[in-house]
Each structure stands twice: as C-alpha cells, then as structure tokens.
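J.: Could you have a look at this structure, given as structure tokens, before my questions?
The values are calculated or read from the model by the stated rules, or taken from the named source; none is laboratory data. It should be emphasised that the depicted structure is a prediction, and the values quoted were computed from it without experimental measurement. Neighbour counts run over all protein chains shown; Cβ positions are idealised from the backbone, glycine included. Quick note on the areas: whole protein, heavy atoms, side chains included, nothing else; ligands and nucleic acids left out. Shrake-Rupley method; radii C 1.70, N 1.55, O 1.52, S 1.80 Å.
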There are 2 protein chains.
Amino acid sequence: MARTRQRTPNEVALIGRHTQQRSVVLAAFIRADGFVGAQALHSQLAADGTPVGLSTVYRTLTRLADAGRADLVRDPGGERLFRYRPGPDHRHYLICTECGLNRPVDSGPIEDWADGIAQDSGFAHVRHTVELSGVCPDCGRAPATAERR
Amino acid sequence: MARTRQRTPNEVALIGRHTQQRSVVLAAFIRADGFVGAQALHSQLAADGTPVGLSTVYRTLTRLADAGRADLVRDPGGERLFRYRPGPDHRHYLICTECGLNRPVDSGPIEDWADGIAQDSGFAHVRHTVELSGVCPDCGRAPATAERR
DNA sequence: CGCTAGGTGCAAATGATTTTCACATCAATG
DNA sequence: CATTGATGTGAAAATCATTTGCACCTAGCG
C-alpha cells in the first residue's frame, strides 16, 4: 500500500514526447500487471476519472510494443492483449480461460528449443510466440457461469 | 500424380450435412497443405472455377476447427489462418515472414514441457499455441521487396 | 513569450469475421 | 418418385477491434 506510483514513469521518454495522457496510460498499464486489452485499459482509465481517448490508448500501447516494452498476444476472440515488460527478456504465461488469471511459467526449455530450431533451420530472426491456456484450479472447481465458447 | 482426390473427403461427415460446397472447400483446404486464410481459400476457389460464398468458407473452416480437424493461428495482421490436421495430434511450424514458406518442426520437447507445466500448475485442459517465425534462407539471401511490416 | 513538431480526440474508415434472412438442397419418409 | 422439415447457402448488412483523417492542443526549445 505504499506509494501509488502516480509519478510519471520515465518509460514515457522512450516513446516520444511526455504528455499527461501518456503518463496516465502508462501508469495504468504498468499497474495492470498482466495482460490487458486496449479497450479494457481505456475503460479502466475512464473509471479512474482520468479519461483518455481510445485512439490514444491504442497509440500508446502500440508504441510501447514497437519499442519493445510490451509483449503482445491474441485473445481467442482476436483481441490484442498487451503486457508490460520491464526488462529486455520476455516470459511466457499460462492464462486461465475462465477468469483471466495468469501466471508466468518457466520458459527456459522453450527458449533453448527455439534457439535450437533457429540453428538447424537456417532461418534468420527467428521469433516465437507461446501461449498456454487452461482452466485454473478455482474455476475448475466452481464452473462459474460455465459459458463455453 | 495419381487421383486428384476430387472425391468428397469423408471429413465432410464430421461437420454436418454433405453438400457440394463443403466438399469443394474441404478438398481445397486439404490440398492447400499449410496455413490458409478463409479469404485466400475463397479466392482460390473462385479461381478454380468452383466459387463458394465467403460466409460458407468461414463456416466450414470454423466448424472444422471446432471439430478438431484444423489448427488455428493468427497472422501478425490479425487474420486467422487455418491448417488441416489429419490426425489427432498437432504440430508446430516455422513460418517465413517474407514468403510464407512453412515447415514443421520437432515439437516433442514442447509437448513435454507443456505437459509438465500443466501438471505443476494444477490447471486443467491446458492447451498451447506455439508459433515460430523467421526469415528463411532464400529470403534472407535475396531480400525481395524488403517490405517490413 | 512565441513557434512548431508532435499529440490528442472524435468521428469516420478499414478489414476481418459474423449474422441475418430469403431461398435452395439434403435426406429421410410416405 | 413426390413431400417436407431441417440444414445449408449466399449476398448484404451488422459487428468489433483497430486505424486513420483532421482540426485543435501543447510540450519543450529558442
């Protein structure tokens, strides 16, 4: 419950000019600590009393991703979900399809495997996307609204 | 160069009623032998002289995927790409971002890793998506039109 | 303090996918 | 073989997430 980190994240500098909107978006994004969609973040901001245009949210997240400060995955519905990435390395997550709970997993083996493939194949700039999804213990126990599909 | 497999794939049975359109879509889909988007398949069919409504192509592919006969990945642009899956197991591919060339890779390690994660996490119905992309030797050598993103 | 490149927001444009709905077809039946 | 109710089909309209056009701001420098 310490500082609410309301101060402008210096990450703003990495993506251009420093503006109020960017600070707010960035702060909320970092605070989200997990995967968020642009729309969700936009709603969150509105709810927080610091509304920012949807386009701006999109623009900010896109820039962050381009700058390598955010990872990007796809919702089964096709929505882009962003996750703040503090460091240069990336991680992989196991996401609950019911409640959205997500936890990082040990991806060492994957990295090694991917590197090996890259070597053997002769392909350059090999990148990988790994998404794990399932039903977390809680949801598995209490099938919520059990809305499937 | 034997039979052109123009006969109706019996897979049709798995997704409902057997109609001309489904046979054609399915045949083309199987013949595509790799990832195809609904739109591409639709164009292909038109070019082949067996036009089928775009909606029908979408419906057919979606059903196949639901029935577990097709794998699904996302284009960086957000387009859904389907790949016919003959058996119950799935494979992972390394796709060239320049020319689309794709080759299966040995995914044994991944399967094991994913299974391990599933075990440890307590999550149920754990599924995984793995996408590897890079630039194939040919494209790396001759940077084509070198249009990036 | 004034300037200007870069930002911002809204609304309209895109693009892929889905749905609606009137019409055509399948496949079991009489 | 004709009937018929369930399904499937296609064209166009509807959705949805995301992008873009454009007129209006503003950070940050001189």
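J.: Starting from a label point 7 Å past Cα on the Cβ side, list the distances from residue A:122 to the same position in the other copies, nm, shortest first.
T.: 4.9
J.: How many angstrom separate the Cα center of segment A:46-93 from the Cα center of segment B:13-80?
T.: Segment A:46-93 and segment B:13-80 have Cα centres separated by 32 Å.
J.: What are the nm distances, shortest first, from residue B:47 to its equivalents in the other copies, labels at 7 Å along Cα→Cβ?
T.: Once sorted, the set of distances for residue B:47 reads 4.8 nm.
J.: Mean-square fluctuation check for chain B, GNM, Cα pairs under 10 Å: which of B:92, B:128, B:18 is largest?
T.: Top of the fluctuation ranking is B:128.
J.: Another one. Within the protein assembly as shown, what percent of beta bridges assigned by DSSP are antiparallel, to the nearest 5? Write out the running numbers ahead of the final one.
T.: Details: 31 of 37 bridges.
Approximately 85 percent, going by the DSSP bridge assignments.
J.: Treating the beta-carbon of each Lys and Arg as +1 and of each Asp and Glu as -1, no other charges, what is the dipole magnitude of the protein assembly as shown about its Cα centre, to the nearest 20 debye? Numbers along the way, then the final one.
T.: On the way: 38 positive and 34 negative charges, 213 e Å.
That gives the protein assembly as shown a dipole magnitude of about 1020 debye.
J.: Can you figure out the FRET efficiency of residue B:14 with residue B:106, using R₀ = 22 Å and their beta-carbon distance, to the nearest 0.05? Please report the intermediate quantities before stating the final value.
T.: Details: r = 29 Å, r/R0 = 1.30.
It comes out at approximately 0.15.
J.: Nearest 20 debye, what's the magnitude of the dipole of chain A about its Cα centre given +1 on Lys and Arg Cβ and -1 on Asp and Glu Cβ? Walk me through the numbers on the way to the answer.
T.: On the way: 19 positive and 17 negative charges, 155 e Å.
In debye, rounded to 20, chain A gives about 740.
J.: Moving on to the next point. Given the protein chains as shown and a 1.4 Å probe, how many square angstrom of residue B:98 are accessible, to the nearest 10?
T.: Approximately 70 Å² of residue B:98 is accessible to the 1.4 Å probe.
J.: How many percent of the alpha carbon pairs in the protein assembly as shown exceed a separation of 35 Å? Don't skip to the end; give the middle numbers.
T.: Numbers: 13140 of 44253 pairs.
Result for the distance tail: 30 percent.
J.: Out of residues 5 or more away from residue B:34 or on other chains, whose amide H comes under 5 Å of its own, with H placed 1.01 Å from N in the peptide plane?
T.: Amide H to amide H, under 5 Å and 5 or more residues apart or across chains, residue B:34 pairs with B:84.
J.: So if we plug the beta-carbon distance of residue B:119 and residue B:48 into 1/(1 + (r/R0)^6) with R0 = 35 Å, what FRET efficiency do we get, rounded to 0.05? Display every interim value, and only then the final one.
T.: Numbers: r = 47 Å, r/R0 = 1.34.
Taking R0 as 35 Å, the efficiency between residue B:119 and residue B:48 is 0.15.
J.: One decimal, nm, shortest first: give the distances between the label point of residue B:87 and those of the same position in the other copies, each label point 7 Å from Cα along Cα→Cβ.
T.: The answer, with the shortest distance listed first, is 3.9 nm.
J.: Next up: Taking the alpha carbon gyration tensor of chain A, what are the square roots of 5 times its eigenvalues, largest first, to the nearest whole Å? Write down the numbers at each step before the final one.
T.: Values: eigenvalues 154, 110, 38 Å².
Equivalent ellipsoid semi-axes, largest first: 28, 23, 14 Å.
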